[in-house]
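The block underneath contains the structure these notes are about, expressed in structure tokens.
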Amino acid sequence: MQTAHPTWIEIDLKQFRQNMSRIRSMIGKSRFCLPVKANAYGHGLAGIAKAAQEAGVDCLGVSCLQEGVQLRGAGISIPILVFGAIHEDQIEDLVKYDLEFSISSSLKADLVAKKLSRKCRVHLEVETGMQRTGMRPQTALALAQHLKTMPCFDLVGVYSHLATADRKADPVAIAQIQTFKALIQHPVFHQVSAHLANSGGVIHYPESHLDMVRPGLMAYGYPSTPVEGIAPCFSLKSKISYFKVVEAGVGIGYGHQYTTRQRTRVVTVPIGYGDGYRRALSHRGSVLIRGKRFPIAGAICMDQFMVDIGQHEAFVGEEVVLIGKQGHGEIPLTEIAALCDTIPYEVLCLLNGRIPRIFI
Ligand SMILES: *Cc1c(COP(=O)(O)O)cnc(C)c1O
């Protein structure tokens, strides 16, 4: 049950649906697998998955068994592909919850064959330049031929992952695409769905679209280069929980890392690093109140932080925007990521389950 909470993540489903249909318009006949790993990039797993299913997305991508089970529990019935390497003790549940999963070595294939009598739908993962999980093309080919002879395997997919596709005309990406395309020419992959493109692939490498695409960050509204019609659907918001007037020369928060220069007004915002709002934002980040930017004052605490609003007015209960737009103001996710010395993906994923996701 969701109870009232003063900090929340708001998802604009209209914008999210627009992002998905914009991607559709770019990929022609390719199928659309939406990655929803890590709580749908922090957007909220079940809510995003339901919206995607209703919008006609063909498949959802998760990182691990647990996320797939959660989706089935939420009533999701479209195909779900588990990207990560599987572990022996997960095999029975992968099949029980009707999840498609990746085979990335013959060892893993043997483990599955030993455990299962019923058929499972698998995707062969091929190494083309990421050096993460996946078999080298020659080995993959041999295993594909072997899988086809084994009764427990239904080989439905073959895929690889691009390491540098955020850059246009990148030689590594081009080489990966070539390697992969050469492999899937083989007759054993006839009728097997080939997929390679992440967000960067969808944007910069149409030749990587193949049978299915897997754009994540772009679908949530953050393409690495602007794409018309695609925009964020995510905002992080809170409500002022406290107001006070502080005299000049007063230290604020743990370690008194911030000292007021003059008599000023200070408000408290009920979110902290315990929610995944990074402590690195202490006296670097800002927030929006009434559409205007104000600086974070002092160190971010586990559950709250303070903001110096100078001589401006603000009342307890008023809305604070930490990521997103308010009036004419905007705090983009990219700004927060830069201040934390990281990438947008990480900022989104770290915002944890204590913050409710509200779908509007
Ligand atoms: C995360 C992931 C994606 C999506 O990547 P984006 O950069 O968010 O588009 C696609 N494929 C696999 C295998 C992934 O793990």
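The values are calculated or read from the model by the stated rules, or taken from the named source; none is laboratory data. Just so it is clear, the structure is predicted and the values come from calculations on it, not from any experiment. Cβ atoms come from the backbone with ideal geometry, glycine included; neighbour counts cover every protein chain shown. In case anyone asks, the SASA skips ligands and DNA or RNA and just uses the protein heavy atoms, side chains included. Shrake-Rupley method; radii C 1.70, N 1.55, O 1.52, S 1.80 Å.
Below, the figures for the structure above:
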item: Dipole of the stretch 234-359, positive direction: furthest Cα of 280, 260, 234, with charges on the beta-carbon; result: 260
item: Distance from the stretch 32-61 to the stretch 149-226 (C-alpha centre basis), Å; result: 19
item: Karplus (6.51, -1.76, 1.60) ³J(HN,Hα), θ = phi - 60°, over the stretch 171-186, in Hz, Gly and Pro reported as x; result: x, 5, 4, 4, 5, 4, 4, 5, 4, 5, 5, 5, 4, 6, 5, 4
item: For residue 272, distant residues with modelled amide H under 5 Å away; result: 277, 304
item: For the stretch 316-331, 3J(HN,Hα) per residue [Karplus equation, 6.51 cos²θ - 1.76 cosθ + 1.60, θ = phi - 60°, Hz, x = Gly/Pro]; result: 4, x, 6, 6, 10, 10, 9, 9, x, 10, 8, x, 8, x, 8, 10
item: Accessible area of the chain belonging to carbon and sulfur atoms, whole % at 1.4 Å probe; result: 52
item: Listed peptides 297-305, 131-139 by packing density, highest first (mean Cβ within 10 Å); result: 297-305, 131-139
item: For the chain, calculated [θ]222 nm from helices alone, where every DSSP H run of n ≥ 4 adds -39500 (n - 2.57); result: -8000 deg cm²/dmol
item: Angle between the chain longest axis and helix 106-115 axis [Cα atoms, degrees, rounded to 10]; result: 80
item: Å² of accessible area per residue within the chain, as computed with a 1.4 Å probe and no ligands counted; result: 45
item: Listed peptides 92-99, 280-287 by packing density, highest first (mean Cβ within 10 Å); result: 280-287, 92-99
item: FRET efficiency, residue 290 to residue 341 (Cβ-Cβ, R0 25 Å, nearest 0.05); result: 0.25
item: Dipole magnitude of the chain about its Cα centre (Cβ charges: Lys, Arg +1; Asp, Glu -1), debye to nearest 20; result: 280
item: Within a Gaussian network of the chain (alpha carbon springs, distance under 10 Å), most fluctuating of 250, 112, 126; result: 250
item: Table column - 3J(HN,Hα) (Hz), the stretch 65-81, Karplus curve with 6.51, -1.76, 1.60, x for Gly and Pro; result: 3, 3, 5, x, 4, 4, 5, 4, x, 8, x, 7, 10, 6, x, 10, 10
item: Residue among 35, 187, 332 with the largest mean-square fluctuation in a Gaussian network model of the chain, springs linking Cα atoms under 10 Å; result: 187
item: R0 of 56 Å, Cβ-Cβ distance residue 250-residue 118: FRET efficiency to nearest 0.05; result: 0.25
item: For the stretch 13-220, with +1 on Lys and Arg beta carbons and -1 on Asp and Glu, the positive-most of 18, 169, 126 along the dipole; result: 18
